[in-house]
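Here is the structure we will look at.
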Amino acid sequence: MVLRASYWTWKLLNGESIPDEMPTAYLMLDGECMYNCAYCTHARDSESDNSYLSRVVWKLIELKDLNSISLKFKRVCIQTVNYKGYFEDILNVVERLRVLDTNNKLLISVSTRMKNEKEIDILMNSGVNDLGIAIDVVSENLHRLYRSWPLEYTLSLIRYGAEKYPGRITTHVIVGLGETDRELYEIFKLMKTYNVKVALFAFTPVRGTRLAHLTPPSLERYRKIQILRFLMFETNESPEVDFDEYGNLKILKYDSSIDISKAFLTSGCTHCTRPYYNDSPRNKVLYNYHTTMETQKK
Ligand code: SF4
């Protein structure tokens, strides 16, 4: 088992301090992925450095380094690369965490590419609270091209999980992979009907991946999509939307008394902040803010 912790998680596990609060620990089970997602640093053909996932550096750790984890974090997210033996490794880490969490308070998320419904059932009955089944690419054509199976299959797994385990499925959606705003809106609507949480990310080109040459989405577009997600999932508002002939969001009307500042925070499972996952720490303006303090600096 190759177990890693995000740099800030590693620091906290080692008793060091970090500049901001981070209630979720991010772990990664690493290896050679069997899939070839065009934007992923761990894809089969990627030439990226494996100690990165998106922009974040991950340090090697051992299971014994997790001993104090339930005292330091509210949630643990286990991001898993789909290497040979990944599923057994997830179950081993979850079992270990449940033993360490004597107060039974630690929330556990697993984020990996599910192969089938049976895998969902096993994980959801293993001590995992929330399961991340990523859509990532919302456009049907691009989903097949970049993730090499049909969008409908990914959606069928999400639907299965959402119906059988209500409120416990999260999906990841990436903005800036060539999809239209209308396609994002349609996926948001569907996820809302399934009661699936949406964690939004901006596409981050990383050297060594197939899509290293693409540019990230404009901040202006990303903000509009963040506001749309926030209104649809975190308020009772049904925003009025309209699109131009190319699928660009041209009208987004909502009650101006709604405070939308939290729309720019990282979204997804509760307590998930994923600091600098798709932002450089050098940037003053971030796609996803990990604290409300940061949004106030904006
Ligand atoms: S939303 Fe955050 S905690 Fe939940 S699966 Fe995604 S990265 Fe993990």
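Among strands (runs of 3 or more DSSP E) entirely within the range 1-93, having at least 3 residues that are surrounded by fewer than 20 Cβ atoms within 10 Å (Cβ to Cβ) singles out 56-61.
Scanning the range 156-170 for residues that are out of contact with any Phe, Trp or Tyr (no Cβ under 9 Å at 6 or more places or on another chain), without any contact (Cβ under 8 Å) to a residue 60 or more places away in the chain and either under 21 Å from residue 139 (Cβ atoms) or of a type in the set (A, V, I, L, M) (or both) returns 156, 157.
Pairing residues of the range 264-278 that are touching a residue at least 24 places away in the same chain (Cβ under 8 Å) and on the phi > 0 side of the Ramachandran plot with residues that are part of a loop (DSSP other than H, G, I, E, B) and near the ligand (Cβ under 8 Å from one of its atoms), at Cβ distances under 6 Å and at least 6 apart in sequence or on separate chains, gives 274/266. Within the range 96-109, the set of residues being farther than 15 Å from residue 270 by Cβ and crowded, with 21+ Cβ neighbours inside 10 Å comprises 97 only. Residue 246 meets the conditions (1) more than 21 Å from residue 171 (Cα to Cα); (2) outside any loop (DSSP other than H, G, I, E, B); (3) of a type outside the set (A, V, I, L, M) in every case but one. The failed one is (2). If only residues of the range 110-123 that are under 18 Å from residue 31 (Cβ atoms) and among the charged types (D, E, K, R) are counted, the one that is surrounded by the most Cβ atoms within 10 Å (Cβ to Cβ) is 113. One residue alone among 200, 184, 177 is without any contact (Cβ under 8 Å) to a residue 60 or more places away in the chain and either outside any strand (DSSP E or B) or in contact with a His (Cβ under 9 Å, 6 or more places away or on another chain) (or both), and that residue is 184. Being over 22 Å from residue 174 (Cα atoms) and either assigned to a loop (DSSP other than H, G, I, E, B) or basic (Lys, Arg) (or both) holds for only one residue in 159, 96, and it is 96.
When 100, 151, 157 are screened for being over 17 Å from residue 24 (Cβ atoms), more than 16 Å from the ligand (Cβ to nearest atom) and touching a helix residue (DSSP H, G or I) at 6+ places or on another chain (Cβ under 7 Å), only 151 passes.
Annotation note: of 7, 26, 86, the sole residue that is within 16 Å of the ligand (Cβ to nearest atom) and more than 24 Å from residue 203 (Cα to Cα) is 86. Within the range 187-197, the set of residues being among the hydroxyl-bearing types (Ser, Thr, Tyr) and in contact (Cβ under 8 Å) with a residue 24 or more places away in the chain comprises just one member, 194.
Among the numbered conditions (1) in contact (Cβ under 8 Å) with a residue 12 or more places away in the chain; (2) away from the ligand (no atom under 16 Å from the Cβ); (3) more than 12 Å from residue 202 (Cβ to Cβ); (4) not aliphatic (A, V, I, L, M), the only one that residue 291 does not meet is (2). The set of residues in the range 264-281 being away from the ligand (no atom under 11 Å from the Cβ) and touching a Lys or Arg at 6+ places or on another chain (Cβ under 8 Å) consists of 264, 276, 278, 279, 280.
No value in this document is a laboratory result; all are computed from the given coordinates. Here the structure is a predicted model, which is why all the values come from computation and not from measurement. Positions of Cβ are backbone-derived with ideal geometry, glycine not excepted, and every protein chain shown enters the neighbour counts.
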